[in-house]
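Following: one structure in structure tokens, then a few remarks.
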4 protein chains.
Amino acid sequence: MSLSDDVLGRARVKDTEALEAFYDELGKRDTVALWTVANKIEPWFPQPASVPILWRYEDIRPFVIDSLDLVKPEDAGRRVVALVNPERKDVTAAVGLLYTGLQGMGPGESMTAHRHMAAALRFVVEGQGAWTVVDGQKLKVGPRDFAITPSFTWHEHGNEDSDEPVIWQDGLDIPLVNALDAGFYEVHPNHYQERGAVVNSSLLTYGAGQLRPVGFEDGWTKPYSPLFAYPWEPTYAALQNAAKASEGSPYDGILLEYSNPRTGGSVMPTLSAHIQLLRADQHTRAHRHTGSVVYNVAKGEGYSVIAGRRFDWKQGDIFVVPSWAWHEHANLSTSDDAVLFSFNDFPVMRSLSFWREEAYLENDGHQPIQ
Amino acid sequence: MSLSDDVLGRARVKDTEALEAFYDELGKRDTVALWTVANKIEPWFPQPASVPILWRYEDIRPFVIDSLDLVKPEDAGRRVVALVNPERKDVTAAVGLLYTGLQGMGPGESMTAHRHMAAALRFVVEGQGAWTVVDGQKLKVGPRDFAITPSFTWHEHGNEDSDEPVIWQDGLDIPLVNALDAGFYEVHPNHYQERGAVVNSSLLTYGAGQLRPVGFEDGWTKPYSPLFAYPWEPTYAALQNAAKASEGSPYDGILLEYSNPRTGGSVMPTLSAHIQLLRADQHTRAHRHTGSVVYNVAKGEGYSVIAGRRFDWKQGDIFVVPSWAWHEHANLSTSDDAVLFSFNDFPVMRSLSFWREEAYLENDGHQPIQ
Amino acid sequence: MSLSDDVLGRARVKDTEALEAFYDELGKRDTVALWTVANKIEPWFPQPASVPILWRYEDIRPFVIDSLDLVKPEDAGRRVVALVNPERKDVTAAVGLLYTGLQGMGPGESMTAHRHMAAALRFVVEGQGAWTVVDGQKLKVGPRDFAITPSFTWHEHGNEDSDEPVIWQDGLDIPLVNALDAGFYEVHPNHYQERGAVVNSSLLTYGAGQLRPVGFEDGWTKPYSPLFAYPWEPTYAALQNAAKASEGSPYDGILLEYSNPRTGGSVMPTLSAHIQLLRADQHTRAHRHTGSVVYNVAKGEGYSVIAGRRFDWKQGDIFVVPSWAWHEHANLSTSDDAVLFSFNDFPVMRSLSFWREEAYLENDGHQPIQ
Amino acid sequence: MSLSDDVLGRARVKDTEALEAFYDELGKRDTVALWTVANKIEPWFPQPASVPILWRYEDIRPFVIDSLDLVKPEDAGRRVVALVNPERKDVTAAVGLLYTGLQGMGPGESMTAHRHMAAALRFVVEGQGAWTVVDGQKLKVGPRDFAITPSFTWHEHGNEDSDEPVIWQDGLDIPLVNALDAGFYEVHPNHYQERGAVVNSSLLTYGAGQLRPVGFEDGWTKPYSPLFAYPWEPTYAALQNAAKASEGSPYDGILLEYSNPRTGGSVMPTLSAHIQLLRADQHTRAHRHTGSVVYNVAKGEGYSVIAGRRFDWKQGDIFVVPSWAWHEHANLSTSDDAVLFSFNDFPVMRSLSFWREEAYLENDGHQPIQ
């Protein structure tokens, strides 16, 4: 594929005095000559402003802890250190149209309830006391548990029965919602929701995804998963089981998608999440695809090569892969597996038919590192 | 609703000599006057030929055991005592268009491979050594495990590593396939399939229904579940979990449908299966619906009232509920739960928009017993 | 494929005295040894009881006309000569699980309203005065128009503004409904429906299938087409247009399916209908498939070869193709096209994954005629 | 709903020296304190940067005509005056994430072929000679015809058999594609496509949306309509027919969506288009919804009130309604209907579950004009 714009079929008009006058007149009428912007707005391939970047948990954690003293929850709403791509500060995105941050909650704290168009998900990094109430259902979540707060569900959370802070990673589609001018926000009229008597009721009811309740809890027509929490232990067991039966993906090892047991699809219409296991010593092959990804290292040590740059990671670190960037992952341990949690906007790419995928064929599937 | 046919809007033509001559002439031309058959073929409500019936396991089991000596597997294909509704012998149906039977396999026996348009499912009643190979995948199944053999998958089975016979219940849609003139059958060209190295690979890969493999095993486009086996232990645990979170259905207690984790739908397009828990002392309310059901008592003792008749059951017994028959279930134990396995043709009723359901409102939801 | 049952993998048990005693005991317990019936209920390929058959319109029409005098509409419900396959008299089927008949209505007559689980469709053969009211919407239909009366919609019809009788072909899935024990029937409490002011409103609203009403008439969630009538003129124009752009199907010429404009699918969940054009002199190649078909010759003269037998037809004739029977069609005119209307149970075959199709490869695609 | 941010549940942290230092340190680490941006990125309701705006055809047309002389097609790619919202110049959007422009083609001109991820649609404003080739299929389109060029279909166009220029409106989802970092672009290797022999073949084949080709042209699995052109005459007839049967929508009059006849859904996964008829004298009620709309006045004269401002329009004028802006339409003629063509991103809003709609209840449904 030619990457020069000086070819038939691309815009290559030379400026003239007459044209400049023409452009001036157009500008006065809220118009522009397409050929002056065409090559920029119709690039040969995706040109994300986002860059690959890694945040070390040990660097960011102290600020999350500090924030617990610096601001009060009732003033801040919540204490979150948002991770922002250098070129995406205007929209507070970590990568593409995805937002992420690390949220801290001190022992005994609880936040007030609200809801918004943006969909949210949580991946617990540390602390035993985390709870969240989603549309009246109380969930208790521990380290490496995954939970969802779908679009416009009431939610509030806190930290109880614990002397330690909780830190979890938030993932939201806020920049996407704003790009589409669809943001709504409400505070709960009573500040706190009434809660059902049973904790983790969605997990009790839907936690065996292949067994569907019938005649109760089955009028579900909402566009998201009725299962709100996906605990770590059975998730890790599922990774290990699948590893007994399959080599997995050459690009991702054993990759599982947290799914809506009602549909087999993604947990929410805009965000999906994955958990993946890299065997000891495994180094995957590179590929690239449309869609943006935010990773959290759930277990182990290793590195990823993203767009030719190596990013070393260990548990708790967060890094991102922009759309169409080559990426591959390596587990540095010779004895233990490594596990990566990630979330992405793939459901959007698929709904809109924007999904594209390509394998890196040269050099045995591995990028040269810059 | 008037049940008399002597009303405006029903056929009520009186015979005359002229009409009899007319009918004779029609008969010679492969025709008939609609009004002579209309009331029969368009009944006020379903008029199944099938009757409610219960087969006691202790009555039928000896015949299954005897069959192991009486005929050789290579002559019989398989040794099955088929359970046949008295009014459905012409199509070998247990109820409606559903076939069922009890199949025996002696220690060390194995059957040859075949495939057919009819979909099959198994519910193991006794014996530890059962295996089946479905499209090259070997499954090991024990008591109360549920397994499927979807339409036109190669399959063969046997009994290994055991000194005892295996008896499982087969459920198939053979009468449905034949009613629609769609039956095909093939014997495997090599009599036995090649098998993958990993036993129960679908269970390892898809057994956490809410975690979907990505980048491997995910090109599944077949109209049935990629998960072929549903073991008893996690199924029973799911029943107990759901019972903590919900009252369940007033008609069925805690009722779970074995589902296709790819879609959240039934395991196969023509047959679905349920597992249901009746709490100690529970007596459900009666309802009725279109669609036929075959039950197998997985655990406990109790009775069901079907169309006004009481059928007492205990573990291993099999009974049927015809379409549109009132039915309710009672657990006779005051301390233990009871569990019913069942399979049905509900996916057919729903695909064709024939589903209808009605609660029994009188007498606090309980039928008078005849 | 071997068609002998004396092979490994089929049932081939020889009778013995011991077995006969065993069978007797099984019979007393509402059971049967599977191997005694297996080969019959699991045939190598479909064994329909239905045979190919053609009813000549000129043979049947006089009986329809006679019936108008012989019985009163209020006694007969409606005057229909049902066409019955010789081997399917028990279920009043024309072929497979499909019912068809020719209904007559004298000038000025009107029938009372009822509804039933069975889905109905009409193809008008002669007469200008036909009307039908479907769920309160009055339709006027003329020769070769197609109309639907979906499952459990109230309907009534008649013949107005005309001195001639109307004869239309009815198609219903009555035998399917009964095979699945799902039949319900109601007479309208007022005997006649109230009618909307606008005739053919569904045609005005949805008659340009690629233009969907928004903000009105668009809460449609029913499982059938909101378009109830498909007039002949635009249908025939569509056939001619498609013939300009495509050769069409080698087996069927230009074949169009009357579709639900909301979904692109069949008009009803159990029945679909086709219209097809055979060019002058065209003789299609043979194929076979699961599913049953009833044809009505809308225009022209020709013949079809079905399971090796030739059936000559002209306008108004009705013939059937049973499941899995080879069939091919020939237009005998060297100058004019021929058009066949047909309806079928293909939506059932597809919903249940029973669809199979095969081309006749020998002899240039043409069957030898017996 | 309170619109103040000084409430519990919103961020309302006061700056302190300690916090400023904290923010500085965060800034060095590609992070930000969420509460400093939360209220901006999670607004109470959508805050589009786009403003309502109308471009008068008589103002813009001269520039389109001038461009035909000013630049050569082979240098410009195509001569388009793009209409750009004052606050959306950075992404060349007319409103939200929608692009639009007026494209001119001189008599006898033809452009070279390319394809891109962005989906395109055309609405012809003037000129008889327009043609386009989409994936090898040549279409001829005249005034007020609508045509689509789905994502990554090869396309080229021109103006033939005419002495007059063609001007059509282009609509694309370019800003959406770029917001999601999914843009790809290719020039055709031969600069021009090979073309099928039949012009408008998709129209001939699929132009009766309720009649679906079977056995030919029916392997369609692409995520967009197989029908590429929707001519004006039958579209206008459909509007008039629907107006006989229904009042239509209180907000939009008779509103029809150009649909994919395969699915009944939108013509493309990211863009949909509507045609709507306002009866003589009709003044619709106001409503608002998420999603952006670009209108082109196909016929008549009137005005729209958008976010409290009145925009008068006549044939050829283009105007936009941003997300969540109140809007209502009025036909100023007392004798003739008016017709508005429009396109939108509603399929995106629905796929992502971002759709919201609200009626304006006060003042009899009419906004006060500012």
Compute the acute angle (0 to 90°) between the alpha-carbon long axis of helix C:232-245 and the principal axis of greatest extent of the alpha-carbon atoms of chain C; round to the nearest 10°.
70 degrees
Once you average over the residues of A:351-362, how many Cβ atoms of partner chains fall within 10 Å of each Cβ?
5
Roughly how many whole Å is it from the C-alpha centroid of the range A:52-126 to that of the range D:13-66?
19 Å
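Taking 56 Å as R0, compute the FRET efficiency from the Cβ-Cβ separation of D:D24 and D:T263 and round it to 0.05.
Details: r = 54 Å, r/R0 = 0.97.
E(calc), rounded to 0.05, equals 0.55.
Per residue of chain A, what 222 nm ellipticity follows from adding -39500 (n - 2.57) for every DSSP H run with n ≥ 4, rounded to the nearest 500?
Details: 8 runs with 66 residues, N = 370.
Helix contribution divided over all residues of chain A: -5000 deg cm²/dmol.
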Give me D:H366, B:H114 sorted ascending by neighbouring Cβ count inside 10 Å, so fewest comes first.
D:H366, B:H114
With a 23 Å threshold on alpha-carbon distance, the violating pairs from D:K140/D:K244; B:K89/C:K89; A:K244/A:K299; B:K72/B:K299; A:K28/D:K89; A:K244/B:K138 are D:K140/D:K244; B:K72/B:K299
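To the nearest µm²/s, what D does Stokes-Einstein give for the range B:1-44 at 4 °C and 1.567 mPa s, using the Kirkwood radius over alpha carbon pairs as Rh?
The estimated diffusion coefficient comes to 111 µm²/s.
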Environment charge of C:N260, counting only residues whose C-beta is closer than 13 Å and scoring Lys/Arg +1, Asp/Glu -1
+4
When Lys and Arg each count +1 and Asp and Glu each count -1, what net charge do the other residues less than 14 Å away from D:Y303, Cβ to Cβ, add up to?
-1
Can you tell which of D:Q210, D:Q103, D:Q282 shows the greatest fluctuation in a Gaussian network model of chain D with Cα springs below 10 Å?
D:Q210
Looking only at other chains, what is the average number of their beta-carbon atoms within 10 angstrom of each beta-carbon in D:92-98?
3
Rounded tilt (10° steps) of D:17-28 against the dominant C-alpha axis of chain D
30 degrees
Closest Cβ on chain A to the rotation axis that carries it onto B (distance rounded to whole Å):
A:G209, 1
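What is the range A:218-324's relative contact order, in percent, from Cα pairs under 8 angstrom and six or more apart in sequence? Write out the running numbers ahead of the final one.
Details: 141 pairs, mean separation 22.0, N = 107.
Relative contact order for the range A:218-324 comes out at 21 percent.
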Test item: Cα-centred dipole of the protein assembly as shown, Lys/Arg +1 and Asp/Glu -1 on Cβ, debye:
0 debye
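Charges only on Cβ, +1 for Lys and Arg, -1 for Asp and Glu: so what's the dipole of chain A about the Cα centre, in debye to the nearest 20? Numbers along the way, then the final one.
Values: 32 positive and 49 negative charges, 130 e Å.
About 620 debye.
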Taking a crude spin-label model, label points 7 Å out from Cα along the C-beta direction, the C:Q370 to D:N190 distance in nm is 5.2 nm
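Counting pairs of alpha carbon atoms under 8 Å apart in space and at least six apart in sequence, what relative contact order in percent does chain B give? Before the final figure, lay out the partial values.
Working: 840 pairs, mean separation 54.4, N = 370.
Here the relative contact order equals 15 percent.
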Over what distance in Å are the Cα centres of the range B:183-242 and the range D:212-255 separated?
43 Å
For chain B, longest principal axis from Cα atoms; helix B:57-70 axis from its Cα atoms; angle between them, nearest 10 degrees, is 70 degrees
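Work out the mean other chain Cβ neighbour count within 10 Å for the residues of C:243-249 and drop it here as an integer. Show your work: numbers first, answer last.
Numbers: counts 2, 6, 16, 8, 1, 5, 6.
Taking the mean over all residues of the peptide, I get 6.
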Label points for C:D312 built 7 Å along Cα→Cβ; distances to same position in the other copies, nm, shortest first, come to 7.2, 7.5, 9.2
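Can you give the convex hull volume per residue for the Cα atoms of the range D:53-365, as a whole number of Å³?
On the way: hull volume 44.2 nm³, N = 313.
Spelled out: Cα convex hull of the range D:53-365, divided by residues, is 141 Å³.
Based on the mean of other beta carbon atoms within 10 Å per residue, what is the order of B:20-28, C:121-129, B:195-203, A:320-328, most packed first? Intermediate values should be presented prior to the final figure.
Details: B:20-28: 12.9, C:121-129: 21.9, B:195-203: 17.0, A:320-328: 23.7.
Going from most to least packed, we get A:320-328, C:121-129, B:195-203, B:20-28.
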With the crude spin-label approximation of a point 7 Å out along Cα→Cβ, what separation in nm comes out for C:E247 versus D:K314?
5.5 nm
Quickly work out the A:D218-to-A:V7 label distance, labels modelled 7 Å from Cα along the C-beta direction, and quote it in nm with one decimal.
5.7 nm
From the residues D:G9, D:H157, D:Q47, which one has its Cα farthest along the dipole of chain D in the positive direction, the dipole being from +1 and -1 charges on Cβ of Lys/Arg and Asp/Glu about the Cα centre?
D:G9
Across the alpha-carbon set of the range A:211-370, Rg over Rh with Rh taken as the Kirkwood radius works out to 1.00
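Place a +1 charge on the Cβ of each Lys and Arg in the range D:36-84 and a -1 charge on the Cβ of each Asp and Glu, then give the dipole magnitude about the Cα centre in debye, rounded to the nearest 20. Could the numbers behind the result be given before it?
Details: 6 positive and 7 negative charges, 27 e Å.
Result for the range D:36-84 is approximately 120 debye, rounded to the nearest 20.
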In what sequence, highest mean first, do B:338-351, D:30-43 appear when ranked by Cβ atoms within 10 angstrom?
B:338-351, D:30-43
With the label 7 angstrom out along Cα to Cβ, how close does D:Q240 come to the same site in each of the other copies, in nm, nearest first?
2.1, 7.3, 7.4
With the label 7 angstrom out along Cα to Cβ, how close does D:K14 come to the same site in each of the other copies, in nm, nearest first?
6.5, 10.0, 10.5
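Any read-out appearing in this document is the output of simple, stated calculations on the displayed coordinates, not a laboratory observation. Everything numeric here is computed off the predicted structure, so don't read it as measured data. Note: ideal-geometry Cβ built from the backbone for every residue, glycine included; neighbour counts use all protein chains shown.
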